[in-house]
Amino acid sequence: MKKILLLSDTHSYIDEQILKFARQADEVWHAGDIGDLKVTDTLKKIKPLRAVYGNIDDKDARAEFPLDLKFTIENITIWMTHIGGYPNKYNLRIREEIKQNPPKIFISGHSHILKVQYDKKLELLHLNPGAAGKHGFHKIRTMLRFEVDKSDIKNLEIIELAKR
């Protein structure tokens, strides 16, 4: 079993609230729009990090992190990308591939809107942790945490951080 902290859209912002939850996780996953790499460098010092770059990320972030990250953890297939859409409105870039080979968990960021939605057609769980940073239109900074245990996703929690 692994405890996962999922965040996105930090836009160069990291604070003690984020770090507190990172310390409680076994792994931290960042779904893009990192901004300054000090964010991911700080997270990597605390816990193992998996991340993708987002549309605002520069050449340094793009050199370090992929556009799409596909991996398996505890028998659960994961696909993480920054701009992915959501059930019935997947981004055109990924639409055919996700239909052909759906993961058990599909993660995207970008919208700054926290969303947890089950896609009945593709039998996958879509997760968007909202935005943990202060840049954007969101009013509350959010993240998600959950556990992966063999083939199960357990104890999914919404974390509301301070208002931006």
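Could you tell me what percent of the accessible area of the range 41-155 is made up of carbon and sulfur, with a 1.4 Å probe and every protein chain present?
Values: 3020 of 6030 Å².
Here carbon and sulfur together make up 50 percent of the probe-accessible area.
Is the shape of the range 116-164 rounded, prolate or oblate, going by the alpha carbon gyration tensor and its root eigenvalues a ≥ b ≥ c, with a/c under 1.5 for rounded and a/b larger than b/c for prolate?
The shape class here is oblate.
Which trypsin sites (Lys or Arg not before Pro) in the range 95-135 sit in a loop by DSSP (not H, G, I, E or B) and have at most 11 other Cβ atoms within 10 Å of their own Cβ? If you can, show how the numbers build up before the last one.
On the way: sites: ARG95, LYS99, LYS104, LYS115, LYS120, LYS121, LYS134; in loops: LYS104, LYS120, LYS121, LYS134.
Sparse-neighbourhood loop trypsin sites (Lys or Arg not before Pro): LYS120, LYS121.
Rolling a 1.4 angstrom probe over the protein heavy atoms, how many square angstrom per residue are accessible across the range 89-164?
57 Å²
How big is the charge dipole of the chain about its Cα centre, in debye rounded to the nearest 20, if each Lys and Arg gets +1 on its Cβ and each Asp and Glu gets -1 on its Cβ?
Taking the Cα centre of the chain as origin, the dipole is about 300 debye.
Under the classification rounded if a/c is under 1.5, otherwise prolate if a/b is larger than b/c and oblate if not, where does the range 18-90 fall, given a ≥ b ≥ c as square roots of the Cα gyration tensor eigenvalues? Working shown, then result.
Details: a/c = 1.83, a/b = 1.13, b/c = 1.62.
Verdict is oblate for the range 18-90.
Please report the accessible area of HIS110 (heavy atoms, 1.4 Å probe, ligands and nucleic acids excluded) in Å², nearest 10.
Probe radius 1.4 Å; accessible area of HIS110 about 70 Å².
Please compute, for the alpha-carbon atoms of the range 13-164, the extent along each of the three principal axes and give them in descending order in Å.
For the range 13-164, the Cα extents along the three principal axes come out at 39, 32, 29 Å.
Return the percentage of antiparallel bridges among DSSP beta bridges fully within the range 1-109, rounded to the nearest 5 %. Let's see the in-between values first.
Values: 8 of 18 bridges.
Counting DSSP beta bridges with both partners in the range 1-109, the antiparallel share is about 45 percent.
222 nm [θ] for the chain, helices only, -39500 (n - 2.57) per DSSP H run of 4+, per residue, to 500?
On the way: 4 runs with 33 residues, N = 164.
Value at 222 nm, helices only: -5500 deg cm²/dmol.
The values are calculated or read from the model by the stated rules, or taken from the named source; none is laboratory data. Because the structure is a prediction, the values reported are computed rather than measured. Methodologically, a virtual Cβ is constructed for each residue, glycine included, from the backbone with ideal geometry; neighbour enumeration extends over all protein chains shown. To get the accessible areas, we keep the full protein, side chains included, count just its heavy atoms, and leave off ligands, DNA and RNA. Shrake-Rupley method; radii C 1.70, N 1.55, O 1.52, S 1.80 Å.
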